[in-house]
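Visitor: Pasting a structure below so you can have a look.
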Amino acid sequence: MAASFSVNDPFLFYLAGAILLVVAIQSVVFLRRSWKRAKSLGLSSSTLWGVVKTSALFTIVPATSILVGVIALSRKLGVPLPWLRLSVIGAITYETPAAEAAARAMGASLSDTGVALTASQYGAIAWVMTLGIMGSLLFVPILSKKLLSGVKVMEGKDARWRDIFMASLFMGMLSAFLGMIFGGVSKGAPGWVPVCVMVVSALIMALMGVLIRVKKWDWLKDYALTISMVGAMAAAIPLTMLLGGH
C-alpha cells in the first residue's frame, strides 16, 4: 500500500469533494434562511442583492491568500488535503506548522519534495491537522464567555492588568511562530531562509501600511495580506538559492 499510495489519488479528490459539497449545501441553506429573515424584517431585495454583491467582491481577493496556501502545501501533501483543510475551517498560519510538525514526527519534511509521503505519514499529518483545529470549535464556545467575563472583571479592578494580560496572550502566540521560524538557524545559512522570508513579508506589509496611511489607499486593506504572502513566497525562491536551502 505504501508503494502505491499517492497524495493525489482520485479517491481523495472524491472524498474531499463530497465533504465540500456538504459544506456548500449548508451555506446555501443558511443563505436562504438569512434572506427570508431579512425580508421579514422589511429589507428590500435590492438592498439584499447589494449586500451579496459587495460581500462576494470583497471575498474573492482575500481568498487569494487561501489559494496560495493550497498551492504551497500541495507540493508535498497533494491537492485534496490542503484543498479540504483550507476550504472549510483551516488557515495557512495553522495548517503549515501543524503539517510540518507532524511530518517531522514521522521522519519526513514538507520542504523535501524529492521523497514522497507514505500512507502512514500522510494519515498522521491529516489527523494532526484535523484534530488540532477542532480545539477552536470546542473550546471557544465553552471558554470564551468565561474568559471575557474574567477580562471585564480584571478591567474593572485595574485596566493596566487587562492590557498586560491581552498583550501577553498575543506575545505568546507570536513566540510560538517565531520559535518555528528561528528553530533552524543553528543549521547554518539554509536555516536563515525562513527568517529572511519573514523579514521580507514584514517589509512588504509595512509598505502596504504606509501606502494606506499616507496615500489614503483604503482599498489596499483588502489586498495587503495577499500581496505580503505572495511577495514573501516569491522572495523565498532567490533566497533559498542564495543561502543554499533545499
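The values are calculated or read from the model by the stated rules, or taken from the named source; none is laboratory data. Computed from a predicted structure; not experimentally measured. No Cβ is skipped: glycine too gets one built from the backbone with ideal geometry, and neighbour counts run over all protein chains shown. Side chains included, ligands, DNA and RNA excluded: accessible areas come from the protein's heavy atoms. Shrake-Rupley method; radii C 1.70, N 1.55, O 1.52, S 1.80 Å.
Visitor: Only residues in region 88-99 that are over 18 Å from L137 (Cβ atoms) count as the first member; pair them with residues that are open to solvent by 40 Å² or more (accessible area, probe 1.4 Å) and of a type outside the set (G, A, S), Cβ under 6 angstrom, at least 6 apart or cross-chain, and list the lot.
Guide: That search, which allows pairs on different chains as well, returns P97/M180.
Visitor: Now, a different point. Name the residue, out of V28, V52, V68, V23, that is open to solvent by less than 70 Å² (accessible area, probe 1.4 Å) and out of contact with any helix residue (DSSP H, G or I) (no Cβ under 7 Å at 6 or more places or on another chain).
Guide: Step by step, each of V28, V52, V68, V23 is checked, and only V52 is open to solvent by less than 70 Å² (accessible area, probe 1.4 Å) and out of contact with any helix residue (DSSP H, G or I) (no Cβ under 7 Å at 6 or more places or on another chain).
Visitor: Are there any pairs, at least 6 apart or on different chains, whose C-beta atoms fall under 8 Å, with the first in region 64-79 and over 16 Å from F13 (Cβ atoms) and the second at pLDDT below 80 and of a type in the set (S, T, N, Q), and if so, which?
Guide: T64/T226; S65/T226; V68/T226; R75/T113; K76/S111; K76/T113
Visitor: I've got another one for you. Residues to consider are K215, K221; find the one that is surrounded by 13 or more Cβ atoms within 10 Å (Cβ to Cβ) and either touching a His at 6+ places or on another chain (Cβ under 8 Å) or of a type outside the set (V, I, T) (or both).
Guide: Unique residue meeting the criteria: K221.
Visitor: In region 231-244, is there at least one residue being modelled with pLDDT of 80 or more, more than 30 Å from G114 (Cβ to Cβ) and buried (at least 17 other Cβ atoms within 10 Å of the Cβ)?
Guide: No.
Visitor: Out of all the residues in region 33-41, is one or more at pLDDT 90 or above, open to solvent by 30 Å² or more (accessible area, probe 1.4 Å) and of a type in the set (F, W, Y)?
Guide: Taking every residue of region 33-41 in turn, at least one turns out to be at pLDDT 90 or above, open to solvent by 30 Å² or more (accessible area, probe 1.4 Å) and of a type in the set (F, W, Y).
Visitor: Ok, one more. Of everything in region 113-124 that's closer than 11 Å to K76 by Cα and touching a helix residue (DSSP H, G or I) at 6+ places or on another chain (Cβ under 8 Å), which residue is surrounded by the fewest Cβ atoms within 10 Å (Cβ to Cβ)?
Guide: T113
Visitor: For the condition over 26 Å from T59 (Cα atoms), of a type in the set (A, V, I, L, M, F, W, C), touching a residue at least 24 places away in the same chain (Cβ under 8 Å) and surrounded by 13 or more Cβ atoms within 10 Å (Cβ to Cβ), what is the one hit in V128, V195, V185?
Guide: From the options V128, V195, V185, the qualifying one is V128.
Visitor: Is it fair to say S6 is open to solvent by less than 60 Å² (accessible area, probe 1.4 Å) and either of a type in the set (D, E, K, R) or over 18 Å from the mean Cα position of the chain (by Cα) (or both)?
Guide: Here the answer is yes, as S6 does meet what is asked.
Visitor: In region 5-108, which helices (runs of 4 or more DSSP H) lie fully inside it and hold 2 or more residues that are under 20 Å from M229 (Cα atoms)?
Guide: 45-60, 64-77, 80-88, 92-105
Visitor: With respect to the numbered conditions (1) surrounded by 11 or more Cβ atoms within 10 Å (Cβ to Cβ); (2) closer than 18 Å to S109 by Cα; (3) modelled with pLDDT of 80 or more, which one is the sole condition not fulfilled by G209?
Guide: (2)
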